[in-house]
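The block underneath contains the structure these notes are about, expressed in structure tokens.
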Amino acid sequence: MSDRQSIIGFTEAELGFFVAILLFAFVFEHRVNTDKPKPQPTVQSVEKAPTLKFENLPDLSLELNKSSARIKELESLLADSLLRRSQLASQSEDLQKQINQLKGLRSRQTPTCIAKKIEKGFLLDVTVQSANSFVTGEKLTDLDGLLNSVEPRLEAAEREGCVESVRVFYSDRVSTSDSLVARRALQQYFYIVEPERQGD
């Protein structure tokens, strides 16, 4: 072998050429790989937001309409209640004024037959059932019937210049307005005493 030939039968020039080819191939492959565009990361599917379901909207609208109608109804009832309360308060004030006026008449009316010692006690016990309905003893009558039943006593009291006294009671069923009407009617002919109202 010559001194310019390697052990495996190639010269140094051939080996150098071969190595140069390998280096060139390596560099070329590296540059190709470097210049190759990098794959973009794929956008993963985003979880879809839940879609709104509108199937129940008609039912909801119906419920809202019902609630609105109920609110209006309650507001109307409240307004009526406040109006009735105002009316009752006004009526109560009027009744109280009339009662006070009637009480004031006691001091100016004709003296009773009891006060003049003509009578020893009350002529009658009268229970008011309504504005023109009275019970004396066990008999139910109106004002005219009541007056007719004691007419002789009333005439005698008029001659003596006094007025007969009666005790007046009120049924639990009689209204305040009816009791006031009956009271005023009786007071035209009798001096009335109300045992249950003596504290008034």
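When you check R167 against the structure, is it touching a Pro at 6+ places or on another chain (Cβ under 7 Å) and either exposed (fewer than 15 other Cβ atoms within 10 Å of the Cβ) or within 24 Å of L95 (Cα to Cα) (or both), yes or no? Criteria met by R167. In this structure, D172 does not satisfy being outside any loop (DSSP other than H, G, I, E, B), within 49 Å of the chain's Cα centre (by Cα) and free of Cβ contacts under 8 Å to residues at least 24 places away in the same chain.
For the range 99-146, give me each residue that is closer than 15 Å to Q188 by Cα, assigned to a helix (DSSP H, G or I) and modelled with pLDDT under 85. Residues satisfying the conditions are I99, Q101, L102, K103, G104, L105, R106, S107, R108. When the criteria are applied in full, Q187 fails the requirement of being modelled with pLDDT under 90 and under 30 Å from S92 (Cβ atoms).
The values are calculated or read from the model by the stated rules, or taken from the named source; none is laboratory data. The model shown is predicted, which means the values in this text are computed figures rather than measured ones. When we count neighbours, we look across all protein chains shown, and the Cβ atoms used for this are built from the backbone with ideal geometry, even at glycine.
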